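A.B. asks: Below are the structure tokens for one structure; questions will follow.
The values are calculated or read from the model by the stated rules, or taken from the named source; none is laboratory data. Note that the structure is a prediction, hence the values are computed from the model and not measured. Cβ sites come from the backbone with ideal geometry, for glycine too, and all protein chains shown count toward neighbours. Accessible surface is based on the protein model in full, side chains and every heavy atom, while ligands, DNA and RNA are left aside. Shrake-Rupley method; radii C 1.70, N 1.55, O 1.52, S 1.80 Å.
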Amino acid sequence: MSEPYEWEEAQWRGMVEQVRAGRSLLPERWPGGARCAVALSFDSDHETNELRDGGTSIARLGWGEYGTRRGIPRIKKVLDRFDVKASFFVPAVAALLHPEEQRMLAQEGHEIGLHGWIHERNTLVPPDAERDLMLRSADTLEQITGTRPVGMRTPSWDYSAVTLKIAREMGLLYDSSLFNDDDPFEILDDGEPTGIVELPVEWIRDDAVYFMMNRFGPHRPYTPPTDVLDIFRREFDGAYAEGGLFLLTMHPHVTGYRSRIFILEQLLEHITAKGDCWIAPHAEIARYCAEQAGLKGTS
């Protein structure tokens, strides 16, 4: 295999152009005259972080259980207090381990979205296996919640060369795994508009990078929770000033602790105090953006 510095233009350009940002889907106005849109998401990985790696650590499996046992109830209590709905991206294996959690959240109006089968890394999975896992995951979540998912977040935001093509085959409304922009856009597949809405993510707006650690690895990140709240609040303030989208990613087994749940609570206090923010699940925001832009199949 040749070195990157030896690649011809067609090779490096083709790699770059596989999945790109197309036209902006930021609407001229948000529903009800809202100044900005807020999309809260929780990646309910639970035990799959350990299972994905073939791990057998009882302690780390227990850490996953903490997410469902303590994290979800604390998060739900905060969401209920502010009467807002969110999106929960759930690996199918986590949904099978905790089906009542998914049913409860779905019945209360929260969205359950695709997040892989066992939190696998897509770039390490053969294309046929990736397709099977994505289809099987959608079937599983539909069987548990009664509603077929319309959007996905790839595990670890990992995109293979065929991920987008599988999403197109499945007819998904949106994806939330890419970093190309702050605001919604239409995804391009080798330069071709797909009709799929992207709700972009960013590690800056993810709790895991500030708190996650592995005692058997070299990573020992720890940022004071007050500093994380400040970062998230500044990200929201920027979205509010620009009239754009503020999308936040959190994890029940990361934020669901007594010393951290205040981040979500105080952030929502700050957001709702504005009085003109539209807080909605990812699917509602993506559908609105698609309809306003007249994307195929939404008009």
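A.B. asks: Please verify whether residue 85 is modelled with pLDDT of 95 or more, open to solvent by 20 Å² or more (accessible area, probe 1.4 Å) and touching a Pro at 6+ places or on another chain (Cβ under 6 Å), treating the condition exactly as stated.
C.D. replies: In short, yes.
A.B. asks: On the basis of being assigned to a helix (DSSP H, G or I), of a type in the set (A, V, I, L, M, F, W, C) and in contact with a His (Cβ under 9 Å, 6 or more places away or on another chain), does residue 129 make the cut?
C.D. replies: no
A.B. asks: When the stretch 111-145 is examined, which residues are found to be farther than 27 Å from residue 284 by Cβ, without any contact (Cβ under 8 Å) to a residue 40 or more places away in the chain and buried (at least 20 other Cβ atoms within 10 Å of the Cβ)?
C.D. replies: Passing the criteria: 125, 130.
A.B. asks: Next up: Just checking, does the stretch 90-100 include any residue being outside any helix (DSSP H, G or I) and open to solvent by 20 Å² or more (accessible area, probe 1.4 Å)?
C.D. replies: yes
A.B. asks: Mind listing whichever residues of the stretch 108-126 are part of a helix (DSSP H, G or I) and within 21 Å of residue 173 (Cα to Cα)?
C.D. replies: Within the stretch 108-126, 122 is the sole residue that qualifies.
A.B. asks: Quick one: which of 148, 81 is assigned to a helix (DSSP H, G or I) and either over 18 Å from residue 250 (Cβ atoms) or in contact (Cβ under 8 Å) with a residue 12 or more places away in the chain (or both)?
C.D. replies: 81
A.B. asks: Next up: Can you name every residue in the stretch 42-60 that is in a helix (DSSP H, G or I) and surrounded by 12 or more Cβ atoms within 10 Å (Cβ to Cβ)? Explain how you work it out, then say what you get.
C.D. replies: Our first condition is that a residue be in a helix (DSSP H, G or I); within the stretch 42-60, this holds for 48-52, 58-60.
Passing the criteria: 48, 49, 50, 51, 52, 60.
A.B. asks: Find the residue count for the stretch 1-41, including only residues that are open to solvent by 90 Å² or more (accessible area, probe 1.4 Å) and assigned to a helix (DSSP H, G or I).
C.D. replies: Total meeting the criteria: 7.
Here is a yes/no grid of residues against (1) in contact (Cβ under 8 Å) with a residue 60 or more places away in the chain; (2) part of a loop (DSSP other than H, G, I, E, B); (3) buried (at least 22 other Cβ atoms within 10 Å of the Cβ); (4) within 22 Å of the chain's Cα centre (by Cα):
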residue	(1), (2), (3), (4)
241	no, no, no, no
247	yes, no, yes, yes
262	no, no, no, yes
265	yes, no, no, yes
285	yes, no, yes, yes
289	yes, no, yes, yes
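A.B. asks: Would you check which residues across the stretch 267-283 are in contact with a strand residue (DSSP E or B) (Cβ under 7 Å, 6 or more places away or on another chain), not in a helix (DSSP H, G or I) and not hydrophobic (A, V, I, L, M, F, W, C) and list them?
C.D. replies: Of everything in the stretch 267-283, just one residue is in contact with a strand residue (DSSP E or B) (Cβ under 7 Å, 6 or more places away or on another chain), not in a helix (DSSP H, G or I) and not hydrophobic (A, V, I, L, M, F, W, C), namely 281.
A.B. asks: Kindly list the number of the only condition in (1) hydroxyl-bearing (Ser, Thr, Tyr); (2) part of a helix (DSSP H, G or I); (3) free of Cβ contacts under 8 Å to residues at least 24 places away in the same chain that fails for residue 222.
C.D. replies: It fails just one condition, (2).
A.B. asks: Right, something else. Please indicate, with yes or no, whether at least one residue in the stretch 185-197 is modelled with pLDDT of 95 or more and closer than 16 Å to residue 112 by Cβ.
C.D. replies: Looking for residues that are modelled with pLDDT of 95 or more and closer than 16 Å to residue 112 by Cβ, one finds none in the stretch 185-197, hence no.
A.B. asks: Hey, does the stretch 61-75 have a residue that's open to solvent by less than 60 Å² (accessible area, probe 1.4 Å), under 30 Å from residue 165 (Cβ atoms), at pLDDT 95 or above and of a type in the set (A, V, I, L, M, F, W, C)?
C.D. replies: no
A.B. asks: Got at least one residue in the stretch 171-187 being part of a helix (DSSP H, G or I) and either open to solvent by 20 Å² or more (accessible area, probe 1.4 Å) or of a type in the set (Gly, Ala, Ser) (or both)?
C.D. replies: No; the residues of the stretch 171-187 include none that is part of a helix (DSSP H, G or I) and either open to solvent by 20 Å² or more (accessible area, probe 1.4 Å) or of a type in the set (Gly, Ala, Ser) (or both).
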